[in-house]
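S.K.: Quick one: the structure is below, and I'll ask about it shortly.
Just so you know, all these numbers are worked out from the coordinates, no wet-lab data involved. Given the structure is predicted, the values throughout are model-derived calculations rather than measurements. No Cβ is skipped: glycine too gets one built from the backbone with ideal geometry, and neighbour counts run over all protein chains shown.
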Amino acid sequence: MLTRDDLERYDRQIRYEGFGEEGQQKLKSSHVIVAGAGGIGCPASMYLACAGVGRITIIDSELVELSNLNRQVLHWDKDIGERKVISAAHKLASLNPSIKVIPIAAQITETNARDIIKGVSVVVDAMDNFETRAILNRACVAEGIPFIHGGVWGLCGQITTIIPGKTPCLACLYPQKPEEQTPFPVFGVAPAMVAIIQATEAIKIIAGFGRLLTGQMLYVNLATMDFCLREVARKPDCEVCGSGGNK
Amino acid sequence: MKIRLKSFFHFDITRVFDQNQIDLAGDRPTLRALLQEVIQKSDGKIQVIEPETGYIDTEYFVLLNGRESQALPQGLETELHDGDEVGIGMMHFWGGG
C-alpha cells in the first residue's frame, strides 16, 4: 500500500500515463538484484532506488579504490578501502530511506547464484567480466528471471533484455568467451548511460508498460553519438536455453 | 555518393573519419568497397573483413540500413545507393565499469 509520503515522493512518475499508482505499487513490491557495485551498478541502483523499487540487493566482493572514482558515483573519496556494497548501501539508504537495500559482499559463483537470485523480480547485469555474466545468465534462465545485460568499453556500450524462454539468452549471443582486457578504458558517462537504460528496462518490466529491448541489442557510441538496434535471435541448440541446455 | 556511417569500436573513430559519412567514388560501389575503404583509412585497425576468407570477421557486425550483411541476398557485393546507412561495430563491449 502506498503511503502519503510515497504519493508525494513519486508524484511526478505516478503522473505518467500508463504507470500511475498501480505501477508505483508494483515497484514498491518488487525486488531487484544489481550484480556489481561499479560503474554500471552505482547509477543503476541509484535510479532504481529513486524510482521506489522496494528491495534492492547489491552484490560485489571488491573494495573501493581511487581509480574507481571517475565513474562509480556511489563511492566517494572518504570511502576508499571500504567494501563497495557497504559504501553503496549507505548512499542508497540516504537517497531513499523508504526502501530496503541489502548489501552482499560476495562473489557470484555457480554454487550460490541460484540461491541469491531466487524469487527476485529482475536481475541487472552490472558485472565486469564474462565468467560471472555467464553464471548469472545460466541462473536467470534456470529460475525464469528477466536478466538485463549491459556492458561498456571506452565510450561505447551495449544493452539487451533477456526474458528466459522468449528471447535469446547471453549464451545464444556469445557461446564462447570473448577476449577481455583489464583494466579497460572507460569514461564514467558510458556506464552511466548504459545503466540508466538498464534501470528503465527494469522499471518497465516490473510495472508492465512500454516496449522492451527484447530480441534486440542496443549499441551506443558516445564518441560519435551513434545509436543502433541489432536484431538478435535465439540459438535452437544453445547450451543454456536451447536443446543443448538444462532447460 | 555519400554513405552515412555509424560506428561502434573500442577506439575513437573520429580520429579516422571526422564526419559521419563517407564519400565513395565510382558509379556502383558495393558494401565491400565501403568496408575496404574503412579498413584502409583506419590503417587496418578496423579489420572488419577477414583477409583469408573475404567474409566479415566474427568479432564484427555490419548492418546496411538496419539489415545484417549476412541477410542481404548479394552479401558484401550489394550495391550501395546515395544516402544508405551502414553500421559497423564490435560484437561485444564487456566491461562493467
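S.K.: Neighbour counts of other C-beta atoms within 10 Å: give me B:Asp27, A:Asp6, A:Asp125 arranged from fewest to most.
M.R.: Lowest to highest Cβ neighbour count: B:Asp27, A:Asp6, A:Asp125.
S.K.: If packing is taken as the average number of other Cβ atoms within 10 Å across a peptide's residues, how do A:207-214, A:15-22, A:39-46 rank, most packed first? Intermediate values should be presented prior to the final figure.
M.R.: Numbers: A:207-214: 15.2, A:15-22: 12.1, A:39-46: 29.4.
Highest mean packing first, the order is A:39-46, A:207-214, A:15-22.
S.K.: What ³J(HN,Hα) values, in whole Hz, does the Karplus curve 6.51 cos²θ - 1.76 cosθ + 1.60 give for the stretch A:206-212 when θ = phi - 60°, with x put for Gly and Pro?
M.R.: Karplus-based 3J(HN,Hα) across the stretch A:206-212 equals 5, 7, x, 9, x, 10, 9 Hz.
S.K.: Once you compute Rg and the Kirkwood Rh from C-alpha atoms, what is the Rg to Rh ratio for the stretch A:95-247?
M.R.: Numbers: Rg = 15.4 Å, Rh = 16.2 Å.
Radius of gyration relative to Kirkwood radius: 0.95.
S.K.: Restricted to Cα positions, what overall size does the stretch A:109-188 have along the principal axes? Three whole-Å values, descending.
M.R.: Here the Cα extents, ordered largest to smallest, are 35, 25, 25 Å.
S.K.: Then there's this: Answer rounded, prolate or oblate for the stretch B:1-76, using the Cα gyration tensor with square roots of eigenvalues a ≥ b ≥ c: rounded when a/c is under 1.5, else prolate when a/b is larger than b/c, else oblate.
M.R.: Values: a/c = 1.43, a/b = 1.10, b/c = 1.29.
Rounded is the answer for the stretch B:1-76, as its axis ratio a/c remains below 1.5.
S.K.: Return the aspartates and glutamates within reach of A:Lys118: Cα separation strictly under 17 angstrom, same-chain partners fewer than 8 residues apart disregarded; answer none if there are no such residues.
M.R.: A:Glu110, A:Glu143
S.K.: Quick one: if you take sqrt(5λ) for each eigenvalue of the C-alpha gyration tensor of the stretch B:18-60, what semi-axes come out, biggest first, whole angstrom?
M.R.: 19, 14, 8
S.K.: Here's a follow-up. Looking only at other chains, what is the average number of their beta-carbon atoms within 10 angstrom of each beta-carbon in B:11-17?
M.R.: 3
S.K.: Taking chain B, which GluC sites (Glu not before Pro) meet the DSSP loop condition and have no more than 16 other C-beta atoms within 10 Å?
M.R.: On the way: sites: B:Glu37, B:Glu52, B:Glu59, B:Glu68, B:Glu77, B:Glu79, B:Glu85; in loops: B:Glu52, B:Glu59.
When the GluC sites (Glu not before Pro) of chain B are filtered for loop state and at most 16 Cβ neighbours within 10 Å, B:Glu52, B:Glu59 remain.
S.K.: Taking neighbour Cβ counts within 10 Å as the exposure measure, how do A:Lys26, A:Lys118 sort from fewest upward?
M.R.: Least to most surrounded, the residues fall as A:Lys118, A:Lys26.
S.K.: Let's test the formula: R0 of 30 Å, r as the Cβ-Cβ distance of A:Phe184 and A:Glu231. What FRET efficiency results, to the nearest 0.05?
M.R.: On the way: r = 27 Å, r/R0 = 0.90.
Given R0 = 30 Å and the Cβ-Cβ separation, E is 0.65.
S.K.: Here's a follow-up. Would you mind giving the average projected area, over all directions, of the Cα convex hull of the stretch A:1-54 in nm² with one decimal? Let's see the in-between values first.
M.R.: Details: hull surface 15.4 nm².
Over every viewing direction, the Cα hull of the stretch A:1-54 projects on average to 3.8 nm².
S.K.: Let me ask something else about it. Compute the separation of the alpha-carbon centres of the stretch A:97-118 and the stretch B:46-70 and state it in Å as a whole number.
M.R.: 39 Å
S.K.: Moving on to the next point. Rounded, prolate or oblate: pick one for the protein assembly as shown, where a ≥ b ≥ c are the square roots of the eigenvalues of its C-alpha gyration tensor, a/c under 1.5 means rounded, and failing that, prolate if a/b is larger than b/c, else oblate. Please report the intermediate quantities before stating the final value.
M.R.: Numbers: a/c = 1.83, a/b = 1.77, b/c = 1.03.
Here the protein assembly as shown falls in the prolate category.
S.K.: For chain B, find the longest principal axis of its Cα atoms and tell me its angle to the long axis of helix B:31-41, 0 to 90°, nearest 10.
M.R.: On a 0 to 90 degree scale, this one is about 50.
S.K.: Shifting gears a bit: Between the stretch A:1-35 and the stretch B:21-41, what is the C-alpha centre distance in whole Å?
M.R.: Each part's Cα centre sits 51 Å from the other's.
S.K.: Could you compute the FRET efficiency for A:Trp76 and B:Glu77, with r as their C-beta to C-beta distance and R0 at 41 Å, rounded to 0.05?
M.R.: Result of the calculation: an efficiency of 0.15.
S.K.: Apply the a/c threshold of 1.5 to the C-alpha gyration tensor of the stretch A:66-109 and tell me whether it is rounded, prolate or oblate.
M.R.: Working: a/c = 2.21, a/b = 1.19, b/c = 1.86.
In terms of gyration-tensor shape, oblate.
S.K.: Something else now. Send over the per residue convex hull volume for the stretch A:5-146, Cα only, as a whole number of Å³. Intermediate values should be presented prior to the final figure.
M.R.: Details: hull volume 15.6 nm³, N = 142.
Looking at the stretch A:5-146, the number lands at 110 Å³ per residue.
S.K.: Using the alpha-carbon centroid of each, what span in Å lies between the stretch A:174-235 and the stretch A:156-170?
M.R.: Going from one Cα centre to the other spans 9 Å.
S.K.: So if we plug the beta-carbon distance of A:Leu66 and A:Leu2 into 1/(1 + (r/R0)^6) with R0 = 41 Å, what FRET efficiency do we get, rounded to 0.05? List each step's numbers first, then the result.
M.R.: On the way: r = 41 Å, r/R0 = 1.01.
The calculated FRET efficiency here is 0.50.
S.K.: When the C-alpha atoms of the stretch A:61-137 are aligned to their principal axes, what extent does each axis show, in angstrom, from largest down?
M.R.: Largest first, the stretch A:61-137 extends 34, 31, 17 Å along its Cα principal axes.
S.K.: Using a basic spin-label model with each label point 7 Å from the Cα along Cα→Cβ, how many nm lie between A:Asn112 and B:Asn20?
M.R.: If labels sit at A:Asn112 and B:Asn20, their model points lie 4.4 nm apart.
S.K.: Alpha carbons only, please: Rg and Dmax for the stretch A:110-156, in angstrom.
M.R.: Calculated on Cα positions, Rg and Dmax stand at 11.1, 34 Å.
S.K.: A further question on this structure: With each run of n ≥ 4 DSSP H residues scored as -39500 (n - 2.57), what mean residue ellipticity at 222 nm is computed for chain A after dividing by its residue count and rounding to the nearest 500 deg cm²/dmol? Could you put the intermediate results ahead of the total?
M.R.: Values: 9 runs with 84 residues, N = 247.
Roughly -9500 deg cm²/dmol at 222 nm, from the helical runs in chain A.
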